[in-house]
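Trainee: The structure under discussion is supplied below as structure tokens; questions concerning it will follow.
The values are calculated or read from the model by the stated rules, or taken from the named source; none is laboratory data. Everything quoted here is computed from the prediction, not taken from an experiment. Ideal geometry is used to build each Cβ from the backbone, glycine not excepted, and the neighbour counts take in all protein chains shown.
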Amino acid sequence: MTDKPILVALDYDNKNDALQLIDQLDPDMCRLKVGKEMFTLFGPQLVTDIHSRGFDLFLDLKFHDIPNTVAKAVAAAAELGVWMTNIHASGGLAMMEAAKRALEPYGDKAPLLIAVTVLTSMSDEELKLLGINVPASEHVLRLAALTKQAGLDGVVCSAQESSLLKAKFGQDFKLITPGIRPAGSDKGDQHRVMTPAEALAAGSDYLVIGRPITKAADPLKALQAIHQTIA
Ligand SMILES: O=c1ccn([C@@H]2O[C@H](COP(=O)(O)O)[C@@H](O)[C@H]2O)c(=O)[nH]1
């Protein structure tokens, strides 16, 4: 199992609430993820605040634009010193290659660069509405192959695709899986879900977990309970 597989998704509209949770956590216990909501509200200062507390940070901004724009955005993320950042694989091979090239000057200080395949909130039916008439797993496989070809470090997928992707692309190609739901917890808007233990058994390297922790009455206890299920 990967060292510290849990990435806590901090989706808060209030910085103090987020810092209150972070201050209860230990950087040896988990890594943190900041997404579009918190970064839009609080900007790079939030990244500094999190780094000063000793946590590795996944900056989940899912860039999707023309190659030149995405390359510059990824370089800006590298300047912030984040541990991992991401782009959308559906932006295409040229976009992904440009993003990868933009990180070359950072050498071993470059963040891990991963690509989102099919959002975990999407079902086969929703893909059909976009004109994608194959099961989500098949589309994920196609986008992951393109990501691998572009030389990225791995993909965001659902844990339901993890065993397929590990078998196809090998151990070094990292699988980051949101849509993680401890047994009995509310799925919310997520469609392609798995429990933490099932996801790791299927080959996920990192588990992105938000509301089951952040919306729990006692978030620290919820995180500790999840740790026990995967110990
Ligand atoms: O396919 C994806 C890509 C990213 N996410 C993000 O992960 C977390 C999940 O939060 P939960 O509260 O555990 O559902 C959230 O920040 C999403 O933006 C995703 O869910 N699926």
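Trainee: Within 12 Å of the ligand (Cβ to nearest atom) and within 23 Å of Ala71 (Cα to Cα): does that describe Ala144?
Mentor: No; evaluated as a whole, the condition is false for this residue.
Trainee: Here's another thing I want to ask about it. Take the residues of region 23-57 that are touching a residue at least 60 places away in the same chain (Cβ under 8 Å) and of a type outside the set (D, E, K, R): which is nearest to the ligand (Cβ to nearest atom)?
Mentor: Within region 23-57, the match that is nearest to the ligand (Cβ to nearest atom) is Cys30.
Trainee: Still on this structure, please answer the following. Scan region 165-196 residue by residue and report those that are surrounded by fewer than 16 Cβ atoms within 10 Å (Cβ to Cβ) and either within 16 Å of the ligand (Cβ to nearest atom) or of a type in the set (Val, Ile, Thr) (or both).
Mentor: Step one: of region 165-196, the residues surrounded by fewer than 16 Cβ atoms within 10 Å (Cβ to Cβ) are 167-168, 170-172, 183-184, 186-189.
Ala183, Gly184, Asp186, Lys187, Gly188, Asp189, listed by residue number.
Trainee: Something else about it: State which residue is farthest from the ligand (Cβ to nearest atom) when the search covers only region 206-216 and only residues that are over 10 Å from Leu7 (Cβ atoms) and of a type outside the set (Val, Ile, Thr).
Mentor: Checking each candidate, the answer is Ala216.
Rundown of residues vs (1) without any contact (Cβ under 8 Å) to a residue 24 or more places away in the chain; (2) on the phi > 0 side of the Ramachandran plot; (3) crowded, with 17+ Cβ neighbours inside 10 Å; (4) not small (Gly, Ala, Ser), yes/no style:
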residue	(1), (2), (3), (4)
Arg101	no, no, no, yes
Thr117	no, no, yes, yes
Met122	no, no, yes, yes
Ala136	no, no, yes, no
His139	yes, no, yes, yes
Leu146	no, no, yes, yes
Gln149	no, no, no, yes
Val156	no, no, yes, yes
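Trainee: Where residues in region 89-129 are part of a loop (DSSP other than H, G, I, E, B) and within 15 Å of the ligand (Cβ to nearest atom), which of them is nearest to Asp172 (Cα to Cα)?
Mentor: Here is the first cut: in region 89-129, the residues part of a loop (DSSP other than H, G, I, E, B) are 92, 103, 110-111, 117-123.
Checking which are within 15 Å of the ligand (Cβ to nearest atom) leaves us with 117-123.
On the way: Thr117: 17, Val118: 20, Leu119: 22, Thr120: 22, Ser121: 26, Met122: 26, Ser123: 27 Å.
My answer is Thr117.
Trainee: Shifting gears a bit: Among the residues of region 176-195, are any in a helix (DSSP H, G or I) and either out of contact with any Leu (no Cβ under 6 Å at 6 or more places or on another chain) or modelled with pLDDT under 95 (or both)?
Mentor: Taking every residue of region 176-195 in turn, none turns out to be in a helix (DSSP H, G or I) and either out of contact with any Leu (no Cβ under 6 Å at 6 or more places or on another chain) or modelled with pLDDT under 95 (or both).
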